[in-house]
2 protein chains.
Amino acid sequence: MMKHSYKVSLFLLIILIAGCDLEKKTEETTGQSASGFAKGEKINSANFTGTVWLNMMGATDSALHVSYGNVTFEPKARTNWHSHPGGQLLLITGGKGYYQALGEPARLLRKGDNVEIPPNVVHWHGAAPDSEFSHIAVSLNTDKGGAVWLKPVTEEEYGGIK
Amino acid sequence: MMKHSYKVSLFLLIILIAGCDLEKKTEETTGQSASGFAKGEKINSANFTGTVWLNMMGATDSALHVSYGNVTFEPKARTNWHSHPGGQLLLITGGKGYYQALGEPARLLRKGDNVEIPPNVVHWHGAAPDSEFSHIAVSLNTDKGGAVWLKPVTEEEYGGIK
């Protein structure tokens, strides 16, 4: 009787572990974060520090005047300082990171948070040192022009976040 | 020796089950979906059929010209037919549902999908019969005016989706 229970228990244990592992593998092989929004391709641009992935979801010059995509920053990765003539929304879909407007303290951001970036405010966003960070960035009123890119966020600026 | 293995196995099994259950409870008690975006409050409006939750994230008449929030539809719940003078984005954050523009087939939507709704296109969105459905709705160019609400989506229209 004891031996039978042992076998049943071991069987259930294996099923549970296999189930957990299968769930993880599904996420990895589809290139999607847990949010469901695909990670896209690595960005090769001087406007970023570190490794950043972009899934451009829409970039039209249609009547919507919007450009939007899912951005994933590896730990320590970040945008340069920059601004948007028409403003931007950030919808945080995973991980932990920061948004900082010039002359203001950095804001810590987590999944479910959001940021409204007014037109022409110089700022940067990116991952925390110990975490990936993903957000959908929605650039608004793009008929007013594209992003204005500035200098990289230095190690001193990034390391000085309190 | 067999008895010892049995106890270890049973202990691990209990830990795993407790772990899974704890994870589920955390989501339920914070009122958040797995996406991290809060579910908000039940909508009490004749512009919807069924039970719908709204977490209004931003509704400003600022320079961003945007209004956005997380909407959660219980199974079968849906908007009325309506349109947006400035257009709208839907970013699907969970579950399974539909978007349908007037005169076109309904589109099946899942977590990670997105929809671009052009200005003044009459449409509805909502949950599948057997699933909750959540999306962030981003109303654009809101300086052109708010949503124009029309008739409910009838049982015949909803039931006729193929």
Over the alpha carbons of segment A:24-162, what is the largest minus smallest coordinate on each principal axis, giving the biggest first in Å?
-> 42, 41, 27
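Using alpha carbon coordinates only, what is the Rg to Rh ratio of segment B:77-130, with Rh defined as the Kirkwood radius?
Values: Rg = 10.7 Å, Rh = 11.3 Å.
Radius of gyration relative to Kirkwood radius: 0.94.
Given a cut-off of 18 Å, what percent of all Cα-Cα pairs of segment B:50-96 lie beyond it? Mind showing how you got there, number by number?
Numbers: 417 of 1081 pairs.
Value for segment B:50-96 (Cα pairs over 18 Å): 39 percent.
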Note, ³J(HN,Hα) from phi for segment B:62-71, Karplus 6.51, -1.76, 1.60, rounded to Hz, x at Gly and Pro = 7, 5, 7, 6, 9, 9, 8, x, 9, 10
So what does A:Thr142 come to for accessible area, using a 1.4 Å probe and Å² rounded to 10?
-> 40 Å²
Excluding ligands and nucleic acids, what accessible area in Å² is computed for B:Trp149 using a 1.4 Å probe, to the nearest 10?
-> 90 Å²
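Count the net charge of all other residues whose Cβ sits under 15 Å from the Cβ of B:Thr154, scoring Lys and Arg as +1 and Asp and Glu as -1. Present the calculation step by step, with values, prior to reporting the outcome.
Numbers: positive: B:Lys76, B:Arg78, B:Lys151; negative: B:Glu155, B:Glu156, B:Glu157.
Neighbourhood net charge equals 0.
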Could you bin all the Cα-Cα distances of segment A:97-162 into 10 Å bins starting at 0 and give me the percent of pairs in each, rounded to whole numbers?
-> 17, 52, 29, 3
Can you give the accessible area buried between chains A and B, summed over both chains, with a 1.4 Å probe, in Å² to the nearest 100?
-> 3200 Å²
How much accessible area does B:Ser45 have with a 1.4 Å probe, in Å² rounded to the nearest 10?
-> 40 Å²
Output ³J(HN,Hα) for segment B:147-162: one whole-Hz value per residue in order, computed from phi by the Karplus curve 6.51 cos²θ - 1.76 cosθ + 1.60 with θ = phi - 60°, and x for Gly and Pro.
-> 4, 9, 8, 10, 6, x, 6, 6, 4, 5, 5, 5, x, x, 5, 10
Please compute the net charge surrounding B:Ser83, taking Lys and Arg as +1 and Asp and Glu as -1 over other residues with Cβ under 13 Å from its Cβ.
-> +2
List every residue whose amide H lies under 5 Å from the amide H of B:Ile43, counting only residues 5 or more places away in sequence or on a different chain, with H placed 1.01 Å from N in the peptide plane.
-> B:Val52, B:Trp53, B:Leu54
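The values are calculated or read from the model by the stated rules, or taken from the named source; none is laboratory data. Note that this is a predicted model, so its numbers are computed, not measured. Quick reminder, even Gly has a Cβ in these numbers, built from the backbone with ideal geometry, and neighbours come from all protein chains shown. Just the protein is used for accessible areas: all its heavy atoms, side chains included, with ligands, DNA and RNA removed. Shrake-Rupley method; radii C 1.70, N 1.55, O 1.52, S 1.80 Å.
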